[in-house]
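Worksheet for the structure shown next.
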Amino acid sequence: MNTDNKPQVFKDATDFKTQFCEECESIFSKTYDELNDFERYYALASLIAGKARNAKVDGENDEKQVYYFSLEFLIGPLLDNYLLNFGVRDIVKAGCEQLGTPLEELVACEADPGLGNGGLGRLAACFMDSMAALGINGNGNGMRYRYGLFRQEIEGGRQVEMVDNWLEHGFPWETRKNESAVVVQFGGQVVRHQDGERFWFTQEGGEKVKAVPYDVPILGYGAKKVNTLRLWSAEPATEDFDLDAFNSGDYAKAMKFRSDVEAISQILYPNDAGEHGRVLRLKQEYLFVSAGLQTILRTYEKKFGKRYGEKLWEHLGDHVSVHTNDTHPAMCGPELMRILVDEKRVDFDTAFNVARKTISYTNHTVMPEALEKWPIEVFRHLLPRLYMFIEEIDRRYRDTLPHDVEGWANVLSKTAILWDGQVRMANLSVIFAHSVNGVSELHTGILKASTLHEFYELRPDLFNNKTNGISHRRFLGNANPKYAKLICDAIGEGWLADANQLSQLEKYEDDPSFQEEFEKARRWSKERLAKYIFEATGTQLDTSMVFDVQVKRFHAYKRQLLNVFKILDLYNRILSDSSFSPRPTAFIFSGKAAQSYTFAKEVIRLINSVAEVVNGDPRVNDKIRVAFVPNFAVSSAQLIYPATDISEQISWAGSEASGTSNMKLMMNGAITLGTYDGANVEICDLVGQDNIKIFGLRTEEVDALRAAGNYWAWDLYNNDRIRLGRIIDELTDGTLAHLSGNFESIRDELSISNDHDLVLKDFYSYVDAWDELAQAYGDRRAWNKAAIHNTARSGYFSSDRTIREYARDIWHIDA
Ligand code: GL2
């Protein structure tokens with residue numbers, strides 16, 4: 001696939017081979033033939049990374065700079081995507097073929113940087129791609145974790161967490177920038193100074209940490225723009241160490257300072273459960289915020305110092321947007337003020353206004369446990385000067401909150417930053433932002449109506465919706481090569497730059513030859529996935545089965561448990577009714593559970609136990625199969641999405657802010673089986689009721705059920721001992737215990753929490769919906785039509801569209 005106006009990277013396959021072989025020799029001092037596949041991959045990636053870096057023109061324009069602050073960037077493998085963006089994938093493929101190693105084999109060698117938990121981190125990566133594609137000056141600011149989120153292995157059905165040493169063999173895309181390192185200060189005390197009328201504060205003592213950036217070039221589609229993702233690493237600011245300890249031979253003590261500092265960028269925290277209040281996490285948050293802002297202000301001052309003179313800082317928001325991805329960078333507001341007031345001598349009010357004009361905030365969740373809070377004592381001890389700004393902003397906020405506002409005390413209790421001895425990061429984020437957005441229509445509605453309702457009443461103009469999007473180039477163009485080619489043959493390549501052009505596929509929905517090719521592409525993707533699953537797990541999948549997929553983080557609200565209940569129900573029905581013959585289906589799961597999230601880990605064990613029972617039982621295993629694919633990552637996701645027939649999006653309504661695997665799967669032609677939750681609602685609007693299967697309670701019904709307080713989940717168990725009750729009994733009666741025991745804790749969770757996640761409540765409507773959908777698969781023509789229709793309508797979910805909206809409404813940039 002070629003793009004217009006691309007810089008010439010390789011003239012032809014011969015030119016590519018020459019450059020590639022030279023790169024092999026320059027890096028490894030060996031010829032191409034002497035290298036193994038990994039080394040060849042490494043040389044190829046280095047060659048492409050060098051070209052991406054060279055394509056970057058620094059300071060090329062005066063247009064606004066967007067800084068996207070995110071603790072997570074789940075960038076995934078870059079090589080194949082950059083070949084697509086450079087427009088040289090075909091040349092490189094041909095050249096690799098001629099050299100004797102297929103490109104796919106080299107691409108498969110790339111390590112997956114585990115620098116994110118899930119959707120939020122992947123969204124940040126898609127946004128980086130889209131900003132570069134649209135020519136926006138988009139700078140990513142994040143952390144370079146030495147170890148990514150753990151590598152998941154399965155032993156005896158259980159998730160086992162292994163160290164994810166993703167940097168072990170080097171990361172050819174990054175460049176360490178020693179000269180751009182900055183110092184970040186923790187602890188110590190605030191000292192007041194006075195000179196006549198003027199007084200000021202400094203933070204003395206404490207711990208000084210050197211933040212060293214590693215830059216990754218972000219190559220836009222068509223290679224017209226190269227941006228930078230800057231990832232910070234923590235190192236001791238000086239080589240000082242405890243000399244006395246060293247001299248007396250206590251090397252561990254002597255080096256402790258170094259290891260304490262390095263710990264800051266050592267690991268990525270799982271975001272799901274019980275990880276709040278950890279000092280190390282607060283340090284990570286402050287480090288990347290402070291280092292990022294120091295750099296931004298230095299660059300801005302250099303560029304605009306002369307132009308604006310004394311008014312320099314008042315113009316910051318005209319040239320710089322700082323976007324905060326969730327509450328993790330919430331300290332951007334007070335830190336920007338601190339630098340402006342303490343180091344640039346800007347007055348307090350001006351500094352606050354500048355901060356607010358510059359900063360915007362995206363909320364990604366309504367789960368109460370995910371709304372960050374820190375004990376004031378911990379916060380003040382670690383960041384004493386920063387805390388003074390927060391305290392003063394909070395004081396002024398309370399002062400200016402109109403006393404005649406209805407329910408004043410309640411409004412204050414919901415919106416103040418400091419409350420109950422805690423610093424509330426969501427409130428800090430809102431108070432410092434000129435824009436607050438949710439990530440789907442439904443989610444933004446919930447923010448306005450409940451999570452941030454009091455803020456919304458006070459400042460409705462702050463709030464807006466930006467429905468999430470995904471990189472269609474990666475998740476369709478790279479991930480699904482056969483289908484992508486079919487699409488290109490039918491409608492040309494324009495959709496890669498402009499995803500709306502996918503709508504041109506509508507005229508092919510019913511076209512028998514297009515459908516036939518679509519089926520072939522799907523079969524190829526299913527075989528590719530089946531092979532991968534067999535190699536990873538030993539589970540054999542028949543590609544003529546329906547592939548029914550649920551891949552995402554494990555969390556109670558996402559209800560993988562409901563999916564397992566459905567599988568057990570099918571199993572039981574096949575065994576007890578010889579006339580019952582469901583559409584043969586392979587149920588595929590993948591995803592990680594946070595290390596400390598016991599319930600989610602038990603659900604993983606349950607899936608593997610059900611897989612063991614079902615796959616090994618000849619009475620059922622030609623009708624249902626179950627596979628758990630370990631270590632879900634961007635790379636394996638790219639194998640799973642194109643092979644999916646049914647996309648399971650079954651969170652209880654009102655819980656999933658948006659979801660993004662729903663979009664990736666729809667774009668690849670999977671039919672969604674989902675609740676009316678998150679972005680499923682918008683998928684439904686776009687494809688129409690006939691091309692999606694919606695089931696279960698709606699948000700209003702969930703709210704009403706919870707408000708009424710008269711739902712007794714166990715009545716459902718008692719009233720149906722034949723189907724639902726049987727499944728629950730099987731959790732503890734030995735049916736599933738063969739692999740590693742029964743599942744008492746899951747049963748207890750359902751009864752003790754009174755089915756908080758409405759697994760029992762939505763069970764019947766879910767299994768009925770699945771039955772109908774699986775039956776519909778039999779009409780191949782109608783199914784394929786619906787599948788192609790899903791792709792045709794998916795252009796809206798390109799992150800290019802999302803980023804255009806951010807640019808227009810929040811950052812005020814033309815794109
Ligand atoms: C999430 C939401 O849970 C998810 O619904 C949403 O699609 C993404 C991106 O907006 O953000 N919030 C969150 O903390 N994680 C998510 O995936 N990890």
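Computed values, structure above
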| item | result |
| --- | --- |
| K520 being closer than 18 Å to T644 by Cβ, touching a helix residue (DSSP H, G or I) at 6+ places or on another chain (Cβ under 6 Å), among the basic types (K, R) and assigned by TED's automatic domain parsing to the domain that holds A786 | no |
| Helices (runs of 4 or more DSSP H) wholly inside region 450-541 containing at least 2 residues that are in contact with a strand residue (DSSP E or B) (Cβ under 7 Å, 6 or more places away or on another chain) | 512-537 |
| Odd one out for T299, checked against (1) among the polar types (S, T, N, Q); (2) part of a helix (DSSP H, G or I); (3) touching a helix residue (DSSP H, G or I) at 6+ places or on another chain (Cβ under 7 Å) | (3) |
| Residues (away from the ligand (no atom under 14 Å from the Cβ), open to solvent by 10 Å² or more (accessible area, probe 1.4 Å) and in contact with a strand residue (DSSP E or B) (Cβ under 8 Å, 6 or more places away or on another chain)) located in region 629-681 | P630, N631, Y676 |
| Count of residues meeting criterion [touching a residue at least 60 places away in the same chain (Cβ under 8 Å) and part of a loop (DSSP other than H, G, I, E, B)] in region 135-190 | 17 |
| Output for region 53-78, where each listed residue is away from the ligand (no atom under 16 Å from the Cβ) and either of a type in the set (F, W, Y) or surrounded by 21 or more Cβ atoms within 10 Å (Cβ to Cβ) (or both) | Q65, V66, Y67, P77, L78 |
| Yes/no for H323 being within 16 Å of the ligand (Cβ to nearest atom), open to solvent by less than 30 Å² (accessible area, probe 1.4 Å) and either on the phi > 0 side of the Ramachandran plot or at pLDDT 95 or above (or both) | yes |
| One residue from R605, R553 being buried (at least 18 other Cβ atoms within 10 Å of the Cβ), in contact (Cβ under 8 Å) with a residue 60 or more places away in the chain and either part of a loop (DSSP other than H, G, I, E, B) or outside the structural domain of G674 (by TED's automatic domain parsing) (or both) | R553 |
| Residues within region 534-581 that are farther than 21 Å from L665 by Cβ, within 16 Å of the ligand (Cβ to nearest atom) and β-branched (V, I, T), tallied | 0 |
| Strands (runs of 3 or more DSSP E) enclosed by region 330-444 - at least 2 residues per element that are closer than 21 Å to F186 by Cα | 373-375, 422-424 |
| Selection count, region 389-407, where residues are within 18 Å of L452 (Cβ to Cβ), of a type in the set (A, V, I, L, M, F, W, C) and either at pLDDT 95 or above or loosely packed, with under 12 Cβ neighbours inside 10 Å (or both) | 1 |
| Pairs where the first residue, in region 110-131, is on the phi < 0 side of the Ramachandran plot and in a loop (DSSP other than H, G, I, E, B) and the second is within 14 Å of the ligand (Cβ to nearest atom) and polar (S, T, N, Q), C-beta under 6 Å, 6+ apart | N117/N271 |
| Any pair with Cβ under 8 angstrom, 6 or more apart, that starts in region 346-367 at a residue that is open to solvent by 10 Å² or more (accessible area, probe 1.4 Å) and ends at one that is within 16 Å of the ligand (Cβ to nearest atom) and of a type in the set (D, E) | H364/D326; T365/D326 |
| One residue from L287, L268, L280 being within 29 Å of the chain's Cα centre (by Cα) and within 16 Å of the ligand (Cβ to nearest atom) | L268 |
| Candidate set from region 314-329 (those that are touching a Ser or Thr at 6+ places or on another chain (Cβ under 7 Å) and part of a helix (DSSP H, G or I)); member that is farthest from Q284 (Cα to Cα) | E314 |
| Residue under evaluation F127, criteria (1) open to solvent by less than 10 Å² (accessible area, probe 1.4 Å); (2) at pLDDT below 95; (3) not charged (D, E, K, R), criterion not met | (2) |
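The values are calculated or read from the model by the stated rules, or taken from the named source; none is laboratory data. Because the structure is predicted, anything quoted here is derived from the model rather than measured. Neighbour counts are summed over all protein chains in view; Cβ atoms, including those assigned to glycine, are modelled from backbone coordinates with ideal geometry. Ligands, DNA and RNA are stripped out before the accessible areas are found, and what is left, the full protein with its side chains, is counted by its heavy atoms. Shrake-Rupley method; radii C 1.70, N 1.55, O 1.52, S 1.80 Å.
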